[in-house]
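What follows is one structure encoded as structure tokens, with my remarks underneath.
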Amino acid sequence: MTSARIALAFVALLFVAGKPEQAAAQKIGVVDMQRALAETEDGRKAKDTLKKLFEQRQKTLDKQQTDLKALKDGLDKQRDVLQREVLAKKLEEYQKAVAELQTTYVEFQRELQAKEGELTKPILQRMERVVRRIGQAEGYTLVVDRSEAGVMYVPSTYDLTDVLIQRYNAGEGREEDTKGGTGVAKTGAPAKPPAAAPPAAPAKH
């Protein structure tokens, strides 16, 4: 959390705590969007899809890396017997293969990140609709995302994560919620989905 976000969070706490006459009316809940994403059925499906894509792309990278190693080994063995022009051409081919491998690696990383966002964005949006309903129905003044707000401790009675997971898996929030109202307070960027493991970086040859 940046210093600006810390400052904003601190100001928010002062605002809540600074009015004794309103303190009794404040009811703040906490939800762990990261854990909810990992434990809902849709979240698990998204993770499985990303894992399969990762494995497919990793196989491609592994093959390119194996081919590159074979090319380098061949060059090392023939370096002293090849004519200068032939050696120069083969070295050029090797450098080109190295560049192609690096480009492929970067492209696969971008593809995985884009796919991750595509799969998790609708899940997170639906979760926020469910949290909004919980907050409105149970009289919460504020519901914060634990992973974004830097919450160190909260009594289990104020942790809404398990309820969110249960109600999400039961099908709640599929339709658009147009009522608005209290939702998940964001102190900074939106809740981040669990990062997919990037393909293994090409080994240096």
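The values are calculated or read from the model by the stated rules, or taken from the named source; none is laboratory data. Please read all numbers here as calculations on a predicted model, not as lab measurements. Every residue, glycine as well, gets a Cβ built from its backbone with ideal geometry; the counts of neighbours run over all protein chains shown.
Residue by residue, here is whether (1) at pLDDT 95 or above; (2) out of contact with any Gly (no Cβ under 8 Å at 6 or more places or on another chain); (3) under 30 Å from Gln125 (Cα atoms); (4) among the small types (Gly, Ala, Ser) holds:
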site	(1), (2), (3), (4)
Glu39	yes, yes, yes, no
Arg44	yes, yes, yes, no
Phe54	yes, yes, yes, no
Lys59	yes, yes, no, no
Leu71	no, yes, no, no
Gly74	no, yes, no, yes
Gln78	no, yes, no, no
Gln95	no, yes, no, no
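Of everything in segment 122-143 that's under 16 Å from the mean Cα position of the chain (by Cα) and free of Cβ contacts under 8 Å to residues at least 12 places away in the same chain, which residue is surrounded by the most Cβ atoms within 10 Å (Cβ to Cβ)? Steps first, answer last, please.
From segment 122-143, those under 16 Å from the mean Cα position of the chain (by Cα) are 122-125, 127; that's our starting set.
Now narrow it down to the ones that are free of Cβ contacts under 8 Å to residues at least 12 places away in the same chain: 122, 125.
On the way: Pro122: 11, Gln125: 13.
Selected residue: Gln125.
Taking segment 94-114 as the region of interest, how many residues are under 15 Å from Thr66 (Cα atoms) and either touching a Pro at 6+ places or on another chain (Cβ under 8 Å) or surrounded by 11 or more Cβ atoms within 10 Å (Cβ to Cβ) (or both)?
Residues in segment 94-114 being under 15 Å from Thr66 (Cα atoms) and either touching a Pro at 6+ places or on another chain (Cβ under 8 Å) or surrounded by 11 or more Cβ atoms within 10 Å (Cβ to Cβ) (or both): 8 in total.
For segment 14-34, which residues satisfy the criterion of being modelled with pLDDT of 55 or more and either of a type in the set (Val, Ile, Thr) or within 11 Å of Asp145 (Cα to Cα) (or both)?
Hits for segment 14-34 are Ile28, Gly29, Val30, Val31, Asp32, Met33, Gln34.
Could you list, in sequence order, all residues of segment 150-176 that are in contact (Cβ under 8 Å) with a residue 60 or more places away in the chain, within 14 Å of Leu124 (Cα to Cα) and surrounded by 17 or more Cβ atoms within 10 Å (Cβ to Cβ)?
First, the residues of segment 150-176 that are in contact (Cβ under 8 Å) with a residue 60 or more places away in the chain: 150-151, 154, 158-161, 164-165, 168-169.
Now narrow it down to the ones that are within 14 Å of Leu124 (Cα to Cα): 161, 164-165, 168-169.
Answer for segment 150-176, where residues must be in contact (Cβ under 8 Å) with a residue 60 or more places away in the chain, within 14 Å of Leu124 (Cα to Cα) and surrounded by 17 or more Cβ atoms within 10 Å (Cβ to Cβ): Thr161, Leu164, Ile165, Tyr168.
When both residues are 6+ apart or on different chains and their Cβ atoms are under 8 Å apart, which pairs have a first residue that lies in segment 94-118 and is closer than 25 Å to Asp48 by Cα and in contact (Cβ under 8 Å) with a residue 40 or more places away in the chain, and a second that is surrounded by fewer than 17 Cβ atoms within 10 Å (Cβ to Cβ) and among the small types (Gly, Ala, Ser)?
Tyr105/Ala201; Glu116/Ala195
Here is a yes/no grid of residues against (1) closer than 23 Å to Lys45 by Cα; (2) modelled with pLDDT of 95 or more:
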residue	(1), (2)
Ile123	yes, yes
Met152	no, no
Pro155	no, no
Gly181	no, no
Lys192	yes, no
Ala200	yes, no
